[in-house]
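Worksheet: one structure, shown below.
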Amino acid sequence: MRFTYAEAMTNPDYYVPLAQAAEAHGFHSITIADSIAYPAESDSKYPYNADGNREFLEDKPFIETFVLSAAIAAATTTLRLTPFVLKLPIRPPVLVAKQASSLARLSNNRFALGVGISPWPEDFQIMGVPFERRGKRLDECIEIVKGLSTGEYFEYHGEFYDFPRIKLTPAPTEPLPILVGGHSDAALRRAVRLTDGWMHAGGKPEELDKYLARINELRSERDNPGEFEIHAASLDAYTPDGVKRLEDKGITDAIVGFRNSYAKEQDTESLEDKIAKIKWYGDNVIAKLG
């Protein structure tokens with residue numbers, strides 16, 4: 001089992017020392033949140049909390065995903081950077097391929113690109129991208145990032161993107177891992193069909209079991225299922241016995257956080273208290289599992 005520290009919407013000055021503390025206490029990776037802008041008016045619903053309310057995002061600080069990933073990469077030596085998740089189809093995929101490849105190369109392959117579809121139509125509107133057929137657009141974006149991050153010549157001729165043979169240099173010295181977030185069946189199928197893993201956004205334990213069963217079903221239909229990362233947020237991750245239960249279910253990476261990110265209030269917890277929780281987890285869970 002690997003362990004991922006999850007922190008978002010906190011004081012921007014905290015991210016580097018929190019990442020350094022997570023690395024020092026045995027965490028394998030850190031999540032990097034993604035948000036472009038908050039609209040003054042919207043009737044959109046958030047799909048991952050009970051009432052769909054999105055007001056918890058207002059006035060919360062978000063450092064741009066690649067900028068924060070680069071800052072943390074420069075301040076650490078082993079910690080992996082994992083966007084959770086980058087809203088890929090609102091961005092130009094060739095540019096994302098360049099950003100991800102450059103970051104992976106400079107960080108000694110410590111970058112894994114978690115991607116998904118933004119639930120907000122406003123994100124597509126402000127970035128000048130149609131909201132319609134966003135799933136197919138994401139598929140093409142993933143294929144383009146995969147193809148260009150190899151460092152070989154690559155061309156693409158799709159419904160939304162069309163370009164001749166091009167090459168991005170430098171490329172990562174190892175294949176760039178791409179992971180998909182989302183709980184819909186389409187997201188699970190996309191993860192198995194196109195990428196290296198799936199990222200779970202939390203919820204009831206029985207729902208996680210349902211998603212895992214579906215992933216196993218989809219993987220069994222492939223001739224060569226290969227290795228597949230499964231990143232999950234679960235209360236079981238907070239005890240050694242619980243972690244072993246997650247391992248038995250096939251989960252490879254436990255996502256661990258210590259506060260309710262959906263709270264409307266600003267995060268007022270001190271840096272010292274946050275680091276103390278990281279240390280507690282490292283001492284009482286990670287270390288005890290060897």
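The values are calculated or read from the model by the stated rules, or taken from the named source; none is laboratory data. All values reported here derive from a predicted model rather than from experimental measurement. Cβ: placed from backbone, ideal geometry, glycine included. Neighbour counts: every protein chain shown. When the accessible area is computed, the model is the full protein with side chains, heavy atoms only, and any ligands, DNA or RNA have been set aside. Shrake-Rupley method; radii C 1.70, N 1.55, O 1.52, S 1.80 Å.
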- Query: Which numbered condition trips up Ala74, out of (1) under 28 Å from Glu265 (Cα atoms); (2) among the aliphatic types (A, V, I, L, M); (3) open to solvent by 50 Å² or more (accessible area, probe 1.4 Å); (4) modelled with pLDDT of 95 or more?
  - Reply: (1)
- Is it true that some residue in region 87-102 is in contact (Cβ under 8 Å) with a residue 60 or more places away in the chain, in contact with a Pro (Cβ under 8 Å, 6 or more places away or on another chain), surrounded by fewer than 24 Cβ atoms within 10 Å (Cβ to Cβ) and under 16 Å from His28 (Cβ atoms)? no
- Verdict on Ala287 being open to solvent by 60 Å² or more (accessible area, probe 1.4 Å), of a type in the set (A, V, I, L, M) and either out of contact with any strand residue (DSSP E or B) (no Cβ under 9 Å at 6 or more places or on another chain) or modelled with pLDDT under 95 (or both): yes
- Task: Find all pairs meeting these conditions: Cβ atoms under 8 angstrom apart; at least six residues apart or on different chains; first residue within region 18-41 and at positive phi; second residue of a type outside the set (Gly, Ala, Ser).
- Result: Gly26/Phe3; Gly26/Ile286
- Residues located in region 162-188, provided they are surrounded by 15 or more Cβ atoms within 10 Å (Cβ to Cβ) and either of a type in the set (A, V, I, L, M, F, W, C) or part of a helix (DSSP H, G or I) (or both): Leu168, Ala171, Leu176, Ile178, Leu179, Val180, Ala187, Leu188
- Determine if region 202-214 includes at least one residue that is without any contact (Cβ under 8 Å) to a residue 12 or more places away in the chain, assigned to a helix (DSSP H, G or I), out of contact with any Cys (no Cβ under 7 Å at 6 or more places or on another chain) and of a type in the set (A, V, I, L, M). yes
- Message: Yes or no: region 20-27 includes at least one residue that is buried (at least 19 other Cβ atoms within 10 Å of the Cβ), touching a His at 6+ places or on another chain (Cβ under 7 Å) and at pLDDT 95 or above.
- Response: no
- Count, please, the residues in region 193-211 that happen to be farther than 18 Å from Gly114 by Cα and buried (at least 19 other Cβ atoms within 10 Å of the Cβ). 1
- Residue that is nearest to Ala254 (Cα to Cα), among those in region 199-233 that are out of contact with any Lys or Arg (no Cβ under 9 Å at 6 or more places or on another chain) and hydrophobic (A, V, I, L, M, F, W, C): Ala233
- Task: Please state which one of Val115, Val129 is touching a residue at least 40 places away in the same chain (Cβ under 8 Å), open to solvent by less than 10 Å² (accessible area, probe 1.4 Å), of a type in the set (Val, Ile, Thr) and not in a helix (DSSP H, G or I).
- Result: Val115
- How many residues of region 233-246 are open to solvent by 80 Å² or more (accessible area, probe 1.4 Å) and not hydrophobic (A, V, I, L, M, F, W, C)? The answer is 3
- Message: If I filter region 218-227 for residues that are more than 17 Å from the chain's Cα centre (by Cα), part of a helix (DSSP H, G or I) and closer than 19 Å to Asn49 by Cα, do I get at least one hit?
- Response: no
- Task: Please go through region 143-161 and pick out each residue that is of a type in the set (Phe, Trp, Tyr), closer than 19 Å to Pro175 by Cα and open to solvent by 50 Å² or more (accessible area, probe 1.4 Å).
- Result: Tyr153
- Task: Take region 46-71 and flag every residue that is open to solvent by less than 60 Å² (accessible area, probe 1.4 Å) and either without any contact (Cβ under 8 Å) to a residue 12 or more places away in the chain or over 23 Å from Phe3 (Cβ atoms) (or both).
- Result: Tyr46, Asn49, Gly52, Asn53, Arg54, Phe56, Leu57, Lys60, Pro61, Phe62, Phe66
